[in-house]
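Have a look at the structure below, then the notes.
The values are calculated or read from the model by the stated rules, or taken from the named source; none is laboratory data. Just so you know, these numbers come straight off a predicted model, no measurement behind them. Because the Cβ atoms are built from the backbone with ideal geometry, glycine has one as well, and the counts that use them run over all protein chains shown. Quick note on the areas: whole protein, heavy atoms, side chains included, nothing else; ligands and nucleic acids left out. Shrake-Rupley method; radii C 1.70, N 1.55, O 1.52, S 1.80 Å.
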Amino acid sequence: MDTAVDERPRIPNWSNGHANFAALLLALAFVALILTGCAAAGTLAIAPPTRTPPPGPTATPIPPTPTPTPPFPAEIGPRIPHTTTGRGDCLACHQSLFPVSENERHAGRGNDTCHVCHISETAKPADISHSVKGRQDCSACHAPGQLAPLPTDHASRSIQTCMICHTTVIASVPAVPHDAQGKGACTSCHATAGSIATLPASHKGRTDRTCTVCHETTLNVPAIAHQTTGNEACSKCHSTAADAIALLPASHRQRTDQTCTVCHSVSTVAVTTIPHTIAGDRGQCRTCHGDSKIAPLPTDHSKRTDATCTVCHTVAAQLPAPAHPLAEQKACIECHRPQGAQPLPASHANRTDSTCTVCHDTTREIPPAPHTLSDHPGCTTCHSAAAVGPLPPSHAKRTNDSCTMCHSVTKNLPADIPHKVQGREDCTMCHNAKAEQ
């Protein structure tokens with residue numbers, strides 16, 4: 001069965017779509033309002049979305065450029081030329097000793113305002129490089145035309161101000177280690193590089209006139225105790241090496257042979273000679289010369305060694321041998337004493353018997369008397385310059401008492417006289433050269 005289609009135009013259902021239509025109108029009105037506002041404010045711009053940059057390395061921050069310190073204005077006063085430690089009361093000096101300028105800028109100022117304008121110097125004033133004892137008048141040397149003129153900025157300074165700023169005296173100034181007599185100008189040895197003793201940098205510009213102002217010349221320099229002839233190379237014996245004959249003191253560590261005789265002169269004291277031979281075992285001086293030995297060393301020789309002895313002391317040319325045999329003799333001091341037959345010389349005052357044969361050789365041959373002594377008069381009757389047997393020059397002062405001390409009677413006496421002597425005292429009547437023929 002066919003169904004008929006209704007082809008009549010449809011009328012919208014206003015009752016169902018009324019709500020939707022009202023919402024559409026409200027939206028259109030809202031858009032119109034927005035467009036009106038944008039037109040009044042200008043062209044509508046739609047901002048693009050913000051994009052976050054990718055992370056990267058952190059850059060080193062650049063430090064700010066320091067602002068230069070402006071110079072002190074002209075109205076700031078001069079710097080304080082001395083330390084202010086312990087000197088907080090400025091007016092203690094700058095009202096009486098060193099009054100401040102009487103003008104409107106300082107009138108009525110007190111201690112609390114001083115450091116507002118005056119800044120203390122950071123540099124410490126130089127030490128006084130010499131003793132001030134007896135030298136309180138600074139202007140005697142530190143003035144125009146004197147030894148050490150003041151610098152330009154000290155022109156108006158007075159003696160009173162010297163010790164205010166220069167508060168420290170140098171601890172010690174080394175003394176001149178040599179005699180200044182005959183040494184001439186100091187700068188002949190003490191100058192720049194190349195001289196015997198180079199001056200330190202702090203002495204640059206010093207002159208000969210200033211040397212003895214600071215450096216005393218009272219140091220006692222020991223003299224050389226030996227001859228320098230043949231010993232010109234001082235460093236051969238005097239050095240800092242452990243095996244040196246004579247160690248140098250620490251203060252001489254940098255000294256050279258050239259400087260030795262500049263300070264040290266040769267002693268004028270005569271050095272005693274060695275009064276005995278040093279052959280054989282006598283080369284070991286310490287065997288006899290030392291504490292509690294036969295001949296103790298003097299105090300200033302306490303540290304000397306055998307190697308140093310012959311540097312100063314030479315062996316005597318020849319020593320006298322004992323003029324008599326030692327066999328059957330008593331102690332030497334029995335005869336060789338002040339009241340004895342043959343007193344000792346002054347140089348032997350403290351010698352003992354034990355030292356005699358150390359120095360005096362006993363191998364000397366002493367001729368015996370070729371005749372008996374019992375029936376003879378005094379020896380000098382025959383043994384004199386005008387007699388039968390003159391004495392040698394060394395016996396000029398010998399006496400009859402000393403003869404038998406040295407000369408014994410020979411064991412091989414001549415044969416007895418085979419005839420009477422009475423009435424025949426003049427032996428030459430028969431016994432002469434012609435008669436013997």
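A compact table of results
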item	result
Criterion violated by Gly230 - all others in (1) assigned to a loop (DSSP other than H, G, I, E, B); (2) surrounded by 14 or more Cβ atoms within 10 Å (Cβ to Cβ) satisfied	(2)
Any helices (runs of 4 or more DSSP H) falling wholly within the range 305-359 and containing at least 3 residues that are modelled with pLDDT under 75 and among the β-branched types (Val, Ile, Thr)	none
Any hit, the range 160-182, residues being at pLDDT 80 or above, under 30 Å from Ser251 (Cα atoms) and of a type in the set (D, E, K, R)	no
First in the range 150-173 and free of Cβ contacts under 8 Å to residues at least 40 places away in the same chain and more than 11 Å from Pro125 (Cβ to Cβ), second anywhere and among the polar types (S, T, N, Q) and open to solvent by less than 90 Å² (accessible area, probe 1.4 Å), Cβ under 9 Å, 6 or more apart	Leu150/Ser139; Ser158/Ser139; Ile159/Ser139
Single match in Cys359, Cys312 (criterion: touching a residue at least 60 places away in the same chain (Cβ under 8 Å), closer than 14 Å to His276 by Cα and out of contact with any helix residue (DSSP H, G or I) (no Cβ under 7 Å at 6 or more places or on another chain))	Cys359
Residue match in the range 424-433 (condition: open to solvent by 70 Å² or more (accessible area, probe 1.4 Å), small (Gly, Ala, Ser) and in a loop (DSSP other than H, G, I, E, B))	no
Test: His371 is in contact with a strand residue (DSSP E or B) (Cβ under 6 Å, 6 or more places away or on another chain), surrounded by 11 or more Cβ atoms within 10 Å (Cβ to Cβ) and not charged (D, E, K, R)	no
Subset of the range 381-393 (residues that are open to solvent by less than 80 Å² (accessible area, probe 1.4 Å) and either modelled with pLDDT under 80 or aromatic (Phe, Trp, Tyr) (or both))	Ser384, Ala387, Gly389
Given (1) of a type in the set (A, V, I, L, M); (2) within 19 Å of the chain's Cα centre (by Cα); (3) in a loop (DSSP other than H, G, I, E, B), number of the condition Val262 does not satisfy	(3)
Test set (1) at pLDDT 80 or above; (2) in contact with a Pro (Cβ under 7 Å, 6 or more places away or on another chain) - Leu219 fails condition number	(1)
Residue list for the range 151-190, filter: in a loop (DSSP other than H, G, I, E, B), out of contact with any Ser or Thr (no Cβ under 9 Å at 6 or more places or on another chain) and surrounded by 14 or more Cβ atoms within 10 Å (Cβ to Cβ)	Arg157, His166, Lys183
In the range 106-139, residue surrounded by the fewest Cβ atoms within 10 Å (Cβ to Cβ) [restricted to those that are free of Cβ contacts under 8 Å to residues at least 24 places away in the same chain, part of a loop (DSSP other than H, G, I, E, B) and among the charged types (D, E, K, R)]	Lys133
The range 369-383 residues that are within 13 Å of Thr404 (Cβ to Cβ), paired with ones that are among the small types (Gly, Ala, Ser) (beta carbon under 6 Å, 6 or more apart)	His383/Gly389
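So that you can scan it fast, the table gives a plain yes or no per residue for (1) hydroxyl-bearing (Ser, Thr, Tyr); (2) open to solvent by 50 Å² or more (accessible area, probe 1.4 Å); (3) at pLDDT below 75; (4) out of contact with any helix residue (DSSP H, G or I) (no Cβ under 6 Å at 6 or more places or on another chain):
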site: Ile196; (1), (2), (3), (4): no, yes, no, no
site: Thr210; (1), (2), (3), (4): yes, no, no, yes
site: Val213; (1), (2), (3), (4): no, no, no, yes
site: Cys234; (1), (2), (3), (4): no, no, no, no
site: Ala241; (1), (2), (3), (4): no, no, no, yes
